[in-house]
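**Student:** If you scroll down you'll find the structure; I have some questions about it.
The values are calculated or read from the model by the stated rules, or taken from the named source; none is laboratory data. In this text the structure is predicted, and so the values were computed from the model without any measurement. For neighbour counting, all protein chains shown are included, and Cβ atoms are generated from backbone atoms with ideal geometry for every residue, glycine included. With ligands, DNA and RNA removed, areas are computed over all heavy atoms of the protein, side chains included. Shrake-Rupley method; radii C 1.70, N 1.55, O 1.52, S 1.80 Å.
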Amino acid sequence: MKLKRLVSLCVFSLAIALFASSARADLNITITQGAVGATPIGIVPFAWSGKGKVPQKIGAIVSNDLLRSGLFAPLAPGKMPQQPTQPSAINFNAWTQIGVSDIVIGGVQEVSPGQYAVRFQLFDTLQGQQLLGYTIHASKAQLRQAAHRISDLVYQKLTGQRGAFNTHIAYVSTDAKNGRIVRYRIMVADADGHDAHVVYSSKQPLSAPTWSPNGKYLAYVSFENGNSAIYIQNLATAKRRLISDRPGLNSAPAFSPDGSKLAMTLTHDGHAEIYVMNLATHHLTQITHDPSINTGAAWMPNGQSIVFTSDRGGSPQLYVKSINGGAAQRLTFDGIYNAGAAVSPSGGKVAFVHANTHGGFSIGLLNLNTGQMQNLTHGQLDESPSFAPNGSMVLYSTVYQGKNVLAEVSADGRVRQRLSGPNNVSQPAWSPFGD
């Protein structure tokens with residue numbers, strides 16, 4: 001059973017979709033567990049200067065972003081002692097008395113039809129000093145992006161860690177009819193699940209979307225011609241490039257950290273091996289040489305080695321190997337099934353699918369410096385982990401009430417949230433920061 005599941009990782013991971021709905025529907029986030037002791041913060045509703053209704057509630061978007069991080073507990077507007085929109089109106093003492101040491105104020109001004117100036121300022125209420133202050137110019141379509149940018153700036157100023165709110169996620173969405181999947185879509189959405197749009201659609205299976213380091217391309221597997229093939233698609237132009245359609249299986253694409261190479265699993269020689277292709281020349285180098293199943297390469301940040309799954313020791317486990325040769329070293333020893341690695345941006349941790357003691361599959365986390373492993377999740381069908389580009393969260397696929405959904409868990413396991421919509425969604429990949 002475990003080996004069969006490993007083989008399925010080489011092909012694609014698909015659960016039967018139960019509902020059919022709009023492919024463009026956004027994902028909704030439900031926070032299922034928050035961090036104890038999150039820092040109170042005031043995100044005051046932004047002032048609006050323009051005709052009609054405000055096109056986006058910037059303050060609410062920033063508040064939701066910071067809430068999702070698990071590190072902050074934004075006050076509800078109704079519990080704020082005041083709602084100033086200019087520095088001169090701030091009563092710092094009113095905020096400190098309720099334990100809020102930082103507040104964000106701002107406004108949105110329509111400077112011309114469809115063009116806006118978004119102003120924000122971050123204040124330390126204890127010192128009565130401004131910590132940040134910027135004006136971001138944006139079109140109507142860019143207002144959510146401007147809000148996420150504000151969240152990133154506030155998060156970085158207060159935590160010292162770069163925020164990942166203004167990034168994206170890719171995933172597979174499916175439609176079903178009469179219990180059978182009739183449509184597959186590669187989707188891209190903002191990190192909070194909004195502004196979802198279709199990258200590619202097919203009646204045949206699509207799987208394993210993965211980002212290029214600059215965030216401008218997606219590689220994925222398509223069965224549109226009856227057999228598996230790996231494509232790279234330009235997200236701006238939608239132009240696609242066929243990378244591999246060799247006989248047998250073409251699967252598990254993964255860009256190298258510099259974007260010049262693509263690792264993949266191929267079976268054209270009779271069994272599953274990992275290869276690396278130079279994308280400029282299409283030269284193919286075989287990395288693994290073992291009669292067992294070898295699949296799911298994830299690059300280490302140095303671009304010189306990969307973490308992958310192999311059953312060469314009798315059960316699926318994680319190994320690390322230099323792409324320049326040498327023996328593979330086993331990384332996981334806890335349990336009879338550890339597969340589907342994702343390496344943290346720092347290279348110090350690996351998230352993976354782990355067969356738990358309850359007979360299900362959860363997300364495990366291995367600290368490469370200490371060798372210690374922990375269970376981040378406790379589901380039955382958790383898979384496809386992907387790190388946020390700042391390493392703070394792990395995005396993964398799970399099943400909730402019989403439906404495929406996405407979920408996130410903080411790297412310390414304290415914060416959990418669920419992303420779901422009308423469609424079945426799976427196989428997520430969190431984008432890099434990009435250029």
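**Student:** Considering only C-alpha atoms, what is the centroid distance from the stretch 193-218 to the stretch 29-85, in Å?
**Tutor:** The stretch 193-218 and the stretch 29-85 have Cα centres spaced 30 Å from each other.
**Student:** If you don't mind, another one. Take every DSSP beta bridge whose two residues both sit in the chain, then give the antiparallel share in percent to the nearest 5.
**Tutor:** 95 percent
**Student:** Please work out the average accessible area per residue across the chain, using the 1.4 Å probe convention, and give it in Å².
**Tutor:** That works out to 43 Å² per residue.
**Student:** Relative contact order (percent) for the stretch 309-369, with alpha-carbon contacts under 8 angstrom and 6 or more residues of separation?
**Tutor:** 23 percent
**Student:** Here's something else I'd like to know. Return the percentage of antiparallel bridges among DSSP beta bridges fully within the stretch 327-435, rounded to the nearest 5 %.
**Tutor:** Numbers: 29 of 30 bridges.
Within the stretch 327-435, antiparallel bridges account for around 95 percent of the total.
**Student:** About its Cα centre, how strong a charge dipole does the chain have in debye, to the nearest 20, once Lys and Arg get +1 and Asp and Glu get -1 at the Cβ?
**Tutor:** Dipole magnitude for the chain comes out near 740 debye.
**Student:** Let me ask another. Output the 0 to 90 degree angle, nearest 10, between the alpha-carbon long axis of helix 58-69 and the longest principal axis computed from the alpha carbons of the chain.
**Tutor:** On a 0 to 90 degree scale, this one is about 50.
**Student:** Treating cross-link reach as a plain straight distance, find the lysines whose alpha-carbon is under 29 Å from the alpha-carbon of K79, omitting any fewer than eight places away in the same chain.
**Tutor:** Here the lysines satisfying the reach criterion relative to K79 are K51, K53, K57, K157.
**Student:** Any chance you could check the Cα centroid distance between the stretch 352-422 and the stretch 305-349 for me, in angstrom?
**Tutor:** Centre-to-centre (Cα) distance: 18 Å.
**Student:** What lysines sit close enough to K321 to cross-link, taking a C-alpha to C-alpha distance under 22 Å and skipping anything fewer than 8 places away on the same chain?
**Tutor:** K261, K349
**Student:** Leaving ligands, DNA and RNA out of it, report the carbon-plus-sulfur percent of the accessible area of the chain at a 1.4 Å probe.
**Tutor:** 49 percent
**Student:** Is the stretch 24-181 rounded, prolate or oblate when judged by the Cα gyration tensor, a ≥ b ≥ c being the square roots of its eigenvalues, rounded requiring a/c under 1.5 and prolate requiring a/b larger than b/c?
**Tutor:** On the way: a/c = 2.14, a/b = 1.38, b/c = 1.55.
Oblate.
**Student:** Where a ≥ b ≥ c are the square roots of the eigenvalues of the C-alpha gyration tensor, would you call the stretch 49-101 rounded, which needs a/c under 1.5, or, failing that, prolate if a/b is larger than b/c, or oblate?
**Tutor:** Oblate is the answer for the stretch 49-101, as a/c is 1.5 or above yet b/c matches or exceeds a/b.
**Student:** Grab the DSSP H runs of the chain that are 4 residues or longer, score each as -39,500 (n - 2.57), total them, divide by all residues and round the 222 nm result to the nearest 500 deg cm²/dmol.
**Tutor:** Dividing the helical sum by the residues of the chain leaves -3000 deg cm²/dmol.
**Student:** Here's another thing I want to ask about it. Charges at C-beta only: +1 for Lys and Arg, -1 for Asp and Glu. How large is the resulting dipole of the stretch 259-361 about its Cα centre, in Debye rounded to 20?
**Tutor:** It works out to roughly 240 debye.
**Student:** Report the label-to-label distance for Q86 and N367 in nanometres (one decimal), using points 7 Å from each Cα along the Cα→Cβ vector.
**Tutor:** If labels sit at Q86 and N367, their model points lie 5.2 nm apart.
**Student:** Pop a pseudo-label 7 angstrom from the Cα along the beta-carbon direction at both D269 and S202 and give the gap in nm to one decimal.
**Tutor:** 2.5 nm
**Student:** Let me ask something additional. Is the stretch 351-435 best put as rounded, prolate or oblate by its Cα gyration tensor, with a ≥ b ≥ c the root eigenvalues, rounded for a/c under 1.5, and otherwise prolate when a/b is larger than b/c, oblate when not?
**Tutor:** Judged from the Cα gyration tensor, the stretch 351-435 comes out oblate (a/c at least 1.5, b/c at or above a/b).
**Student:** Leaving out same-chain residues fewer than 8 places away, which lysines sit with a Cα under 17 Å from that of K177?
**Tutor:** Those lysines meeting the cut-off are K203, K403.
**Student:** Can you quote the Å³ per residue value for the convex hull of the Cα atoms in the stretch 142-226, rounded to an integer?
**Tutor:** 115 Å³
**Student:** Go through V108, S173, V118 and say which Cα lies farthest out towards the positive end of the charge dipole of the stretch 85-219; charges sit on Cβ, +1 for Lys and Arg, -1 for Asp and Glu.
**Tutor:** S173
**Student:** How far is helix 2-11 tilted off the main Cα axis of the chain, in degrees rounded to 10, range 0 to 90?
**Tutor:** Helix 2-11 and the main axis of the chain meet at about 70 degrees.
**Student:** From the residues A328, Q130, G42, which one has its Cα farthest along the dipole of the chain in the positive direction, the dipole being from +1 and -1 charges on Cβ of Lys/Arg and Asp/Glu about the Cα centre?
**Tutor:** Of the options given, the answer is G42.
**Student:** Ok, one more. List the relative contact order of the chain as a percent without decimals, with contacts defined as Cα pairs under 8 Å and 6+ residues apart.
**Tutor:** 15 percent
**Student:** Also: So how strong a dipole does the stretch 58-214 carry about its Cα centre when Lys and Arg Cβ are +1 and Asp and Glu Cβ are -1, to the nearest 20 debye?
**Tutor:** 580 debye
**Student:** If I model a spin label at Q161 and K51 as a point 7 Å from the Cα along the Cα→Cβ vector, what separation in nanometres do I get?
**Tutor:** 4.5 nm
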